[in-house]
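First up is the structure itself, then whatever we jot down about it.
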Amino acid sequence: MSFPTLTLLIALPALTAVFLRDSERKRLESARVRGIAAGALTLTLLLALAVVFGSDQGSGPPAVEFVGGWAGLRAGPRLAVDAIVLPLLPVTVVLAMAGILGTSRRESTARHARAVLATCSGTLLLQCAADLDTFVVGWFASLLPSWFHARANALEDPRERGPLRILTVYLGLASLPLSLAAISLHVTSASGAELGSVVLHAQRSVTLAPRTQEWILLLLGVTALARKGMVPLHSWVPHLAERGSVALTTQLLGAHAGVLLLLRVAIPLLPDASRSVMALITGAAVVSASYGALMALGQQRSLRRCLGWVAMSQSSLILVGVATMNEQGLAGALLQCVGFSLAFAGVMWAAHFVEVRTGTMDLKRLGGLVGRMPLASGLFFLAAAALVGLPGSIGFVADELLVHAALATRPWVAIPVLLATGLNAISLYRAYTATFLGRPKGRARLAGPLPVKELVGRERWLLMALLALMVVGGVAPSVLLGARAAAVTALSAAASTP
Amino acid sequence: MSQLEVLRLASCGAIGAPLLATAILGLLLFTGQRRSERLVSGIAQGALLASFAASLVCVLIALGPEWTPRRMPLVEWFRVGDMAYELALLSDRLTLVMMPLVSGLTLLATHFSRDYLHRDPGFLRFHFLVGLFATGMLWVVASASLEQLFVGWELVGVSSALLVGYFQERRAPSQAGARVFTTYRLCDLGILLAVPALHHAVGSAEFVLSGEGASVHRLSAVGGVTGLAIALALLLGAIGKSAQLPAGGWLPRAMEGPTPSSALFYGGVSVHAGVFLLLRAGTLLEASPLARLLVGLCGLTTAVYAGLAARVQSDAKGTLAFATMAQVGVMFVEIAVGLETLALVHLVSHAVLRIYQLFRAPSALSDARAIEAALANVGPQSAPLASPARHRGAPRYLYRIALDRTFLDTVQNNWLLQPVFSAARWFEAWERRWLGRIEGAAAPLVFRGDQEGEGSALARPASGREALQPLGADSVRAEVLRTEVLRAEPLSTEALSAESLPVESLRVPGSHR
């Protein structure tokens, strides 16, 4: 009987969330919540690192861990990690830790921490799922905490009902087609009972009629596009970035569930239909990249909304890479998943720290903060540069691979993708200029004791840790690329073999 | 130790020294450590002196009889499938000319700035960015492939934009920095596109020796439409960095930065990066006559345009900026007609002269004022530089065209930027309306910008119930303001406790709550 590492990894944040209680004294609650949650997540991170460095990832299938199986039952959810998701596990935990440490004292309630921890567990379950049922459960488990958090907000404040409705509509669009596809697969597939062993390892596809395959893939495609926030199912991304909790936004967008759906369910199970639908995915991704870049450039007033558009545009590059289905594209897409999650978290948290101090995200009312917050301005700039692929960050290597792959398979894709990246860089620079440079405005201008203060310790270390990870990954990308090389080759071969 | 190993070590040292200095200065900058100007300047100058010395060692080795142009592999950065990204440095005539020029001029600029920026609050930041620039530019000139060159190219662009916006508390420099960054980034797409295109056309984006006795590594020749497309993509990158038409409008604005960086970037080194790129792409251009024609046309029109505009500038730095554009335009023409050696000589001599002129510019103004004061209106009076009186004999319309810089900015703004912004505004309004429908708010959305004349943000009534009330214009405005206030006010307790600022003071004037 082996030690149930994955089960523990997934359960630890969720169990912590269950036992986290509200407190009457808000100030005490903030510190207590932060301490307990951060402690649990530190343990989770150590476990994730143990999984990463302890796993022997060759070209063969990974060892499957049966939840309950270690107690003698060969049933229940099956968990496993392969090289594709391996780097995403610590990133998921890091995003949750950032969510706990970065949230301002006012927002750092037990309810918020529970949502962050539960989202972390749900995302880990999604990433470690070894069968379709577990994948679907993980899918919902990674979404529902955000929905419940928004619902609780709406019960407290009627003005939050609108955002809840938007979240419900779009997350419903990102979930119901998946449920239908899973049910269809179970009903129509002869090997439905054995789906679990098929989903993960790209070894066996499901035998279905071509028409059925296409319908199921259409459902999966809609799910992936909605969850990735691609046109026309995109509106929730900038909205969430503007009005949602930063912690949950970075977790939801950093989970890359849509990409995992394509890589671990759609391509392995339905390779023939996948090949035919990839042109559509590419089209949607290119339109999303261009549209997001245009919207970010178009004189946005809210800094966080601008970041949301940039995030939508940049994350669509991942789908471009996946849709190429060649080695460079897949490697670039997987690298971009890591780079995007870290860089987007960096800019969002930097923006949050500005918002906490100034009370606004209105770019017309911000400005001149560099004198008060020089470190924050520098870290925001670096994170923004990493988001659009400055040399030295993970994004640069990923972009390089993605453009190479795109030009090899669909040359017409390369130009809009590059243009979108360029426009995003310009938008972020303009946002940086409007927020930090120029004459001080608003609270930054007020006389007397410094009205706006520099980052405090935990905020500083949070941003620096995110940046350090981006730089280390960018300077030594071969660690991340090499670890996934065999898996990427196998996936590429599975996708390209008729 | 063999000659090759010494050469490799010296080349690495020339790039590594400023990189190390940048890392140290960056660490000081981001940890908020306050250090003396002497230490900061010492680190920067010491590193650049070491870089200059290492560059000279490379040159000395090259002067030996056994030297041949060579490529020195360093390390494989990463590999995916059959695509390997290897880092390597070059030792050829172009690199050996440019390396001492870059490190030497940067050393001079840091030496100059020690006194020029004395007691300036951004002293450390300036030296950090100059170190970053030196690292990037040296990497550009020593790179063995186009994709490797692009890494340094980007570092030069970022450091350049940040130094233009060096005086962060003023609006104009930060806007000029944004303009510089925008132009760079859009034009750099050309190089980003050329790299994979070269890979697919000839299997590599490496610079190679084009034949027996060749002394410069260049891109491989690609014929046909692909070759033309790659050459034009590279031309796009070159005109961005070298401020050639139609992307040259940023250069006069870039003079908002401190004089040492203006001299280094836009007089001495950075502005010549495009010329350097075209020299590296020589073989590719030779294979495409149309591309060469466009390079020549680009340079020629820029030389005429900048020559005209320089005549009517009212400040020394502006005049020098346009003069630089004109000279670089001439270099483009030289490359187009195949006079590459002349272009290289022109580049070096122009860089040295122009950086000297820009260093002298502040003193020259001061001297002129002193002379005027001493003569007390007794001496010969000359018309102001930009006065029409100086240009008698020239057609008046030329003066007008020169003064308006051939209306280039107006055309770009009205025909390129405004349509993009208008489209984005329209889509944004549509997005908000769509989300409003989902939210269930029946009231019309309000264009805040339309009412207040300051932008395009949309505001929504606070809740569905309130939205159903019939709202007049004033009440809508009040509602919008209220929403703004409600969104703006919730501050964290730590922010409030740290600041002890009354929340009332944050209310927007005119708010009815």
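The values are calculated or read from the model by the stated rules, or taken from the named source; none is laboratory data. Just so you know, these numbers come straight off a predicted model, no measurement behind them. Positions of Cβ are backbone-derived with ideal geometry, glycine not excepted, and every protein chain shown enters the neighbour counts.
Things to note:
- Qualifying positions in region A:138-159 - closer than 12 Å to A:GLY244 by Cβ and touching a strand residue (DSSP E or B) at 6+ places or on another chain (Cβ under 9 Å): none
- Number of positions in region B:64-90 that are assigned to a loop (DSSP other than H, G, I, E, B) and surrounded by 15 or more Cβ atoms within 10 Å (Cβ to Cβ): 3
- For region B:212-248, residues that are under 12 Å from the mean Cα position of the chain (by Cα) and not in a helix (DSSP H, G or I) total 4.
Yes or no, residue by residue, for (1) at the interface with another protein chain (Cβ under 9 Å from one of its Cβ atoms); (2) in contact (Cβ under 8 Å) with a residue 12 or more places away in the chain; (3) closer than 25 Å to A:PRO268 by Cα:
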{"site": "A:GLU327", "(1), (2), (3)": "yes, yes, yes"}
{"site": "A:MET373", "(1), (2), (3)": "no, yes, no"}
{"site": "A:GLY392", "(1), (2), (3)": "yes, yes, no"}
{"site": "A:ARG410", "(1), (2), (3)": "no, yes, yes"}
{"site": "A:VAL417", "(1), (2), (3)": "no, yes, no"}
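- Verdict on A:GLY474 being under 30 Å from A:LEU366 (Cα atoms), assigned to a helix (DSSP H, G or I) and at pLDDT 75 or above: no
- Test: A:PHE381 is assigned to a helix (DSSP H, G or I), modelled with pLDDT of 85 or more and surrounded by fewer than 24 Cβ atoms within 10 Å (Cβ to Cβ): yes
- Qualifying residues in region B:188-216 (those that are at the interface with another protein chain (Cβ under 9 Å from one of its Cβ atoms) and of a type outside the set (Gly, Ala, Ser)) - the one surrounded by the fewest Cβ atoms within 10 Å (Cβ to Cβ): B:HIS200
- Among the residues making up region B:422-462, those that are crowded, with 16+ Cβ neighbours inside 10 Å, modelled with pLDDT of 50 or more, within 24 Å of A:ASN424 (Cα to Cα) and facing chain A (nearest Cβ under 9 Å) are B:ALA424, B:ARG425, B:GLU428, B:GLU431, B:LEU435.
- Residue within region A:337-348 that is surrounded by fewer than 24 Cβ atoms within 10 Å (Cβ to Cβ), within 12 Å of another protein chain (Cβ to nearest Cβ), within 23 Å of B:LEU192 (Cα to Cα) and within 24 Å of the chain's Cα centre (by Cα) present: no
Conditions (1) among the small types (Gly, Ala, Ser); (2) surrounded by fewer than 24 Cβ atoms within 10 Å (Cβ to Cβ); (3) more than 14 Å from B:TYR184 (Cβ to Cβ); (4) within 14 Å of chain A (Cβ to nearest Cβ), marked per residue:
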{"residue": "B:MET99", "(1), (2), (3), (4)": "no, no, yes, no"}
{"residue": "B:HIS111", "(1), (2), (3), (4)": "no, yes, yes, no"}
{"residue": "B:GLY122", "(1), (2), (3), (4)": "yes, yes, yes, yes"}
{"residue": "B:VAL130", "(1), (2), (3), (4)": "no, no, yes, no"}
{"residue": "B:VAL140", "(1), (2), (3), (4)": "no, no, no, yes"}
{"residue": "B:VAL151", "(1), (2), (3), (4)": "no, yes, yes, yes"}
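- Restricting attention to region A:83-122 and to residues that are part of a helix (DSSP H, G or I) and among the charged types (D, E, K, R), the residue that is farthest from A:ALA50 (Cα to Cα) turns out to be A:ARG111.
Rundown of residues vs (1) more than 17 Å from A:SER146 (Cα to Cα); (2) modelled with pLDDT under 85; (3) acidic (Asp, Glu); (4) in contact with a Ser or Thr (Cβ under 6 Å, 6 or more places away or on another chain), yes/no style:
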{"position": "A:THR168", "(1), (2), (3), (4)": "no, no, no, no"}
{"position": "A:PRO177", "(1), (2), (3), (4)": "yes, no, no, yes"}
{"position": "A:SER189", "(1), (2), (3), (4)": "yes, yes, no, no"}
{"position": "A:LEU195", "(1), (2), (3), (4)": "yes, yes, no, no"}
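- Checked against (1) within 14 Å of another protein chain (Cβ to nearest Cβ); (2) farther than 30 Å from A:LEU491 by Cα, B:VAL80 passes all but condition (2).
- Matching residues, region A:229-252, being under 18 Å from A:TYR170 (Cα atoms), part of a helix (DSSP H, G or I) and among the small types (Gly, Ala, Ser): A:ALA241
- Scanning region A:122-130 finds no residues that are among the hydrophobic types (A, V, I, L, M, F, W, C) and either surrounded by fewer than 19 Cβ atoms within 10 Å (Cβ to Cβ) or within 14 Å of chain B (Cβ to nearest Cβ) (or both).
- From A:LEU167, A:LEU125, residue being in a helix (DSSP H, G or I) and either β-branched (Val, Ile, Thr) or farther than 29 Å from A:ASP82 by Cβ (or both): A:LEU167
- Filter pass, B:GLY157 being in contact with a helix residue (DSSP H, G or I) (Cβ under 7 Å, 6 or more places away or on another chain), at negative phi and buried (at least 24 other Cβ atoms within 10 Å of the Cβ): yes
- Pick from region B:153-169, criterion in contact (Cβ under 8 Å) with a residue 40 or more places away in the chain and of a type outside the set (A, V, I, L, M, F, W, C), ranking: farthest from the other protein chains (Cβ to nearest Cβ): B:SER160
- Taken over region A:84-132, the criterion of being touching an Asp or Glu at 6+ places or on another chain (Cβ under 7 Å) and among the hydrophobic types (A, V, I, L, M, F, W, C) is satisfied by A:ALA110 alone.
- So A:GLY254, is it within 17 Å of the chain's Cα centre (by Cα), of a type in the set (Gly, Ala, Ser), more than 14 Å from every other protein chain (Cβ to nearest Cβ) and crowded, with 24+ Cβ neighbours inside 10 Å: yes
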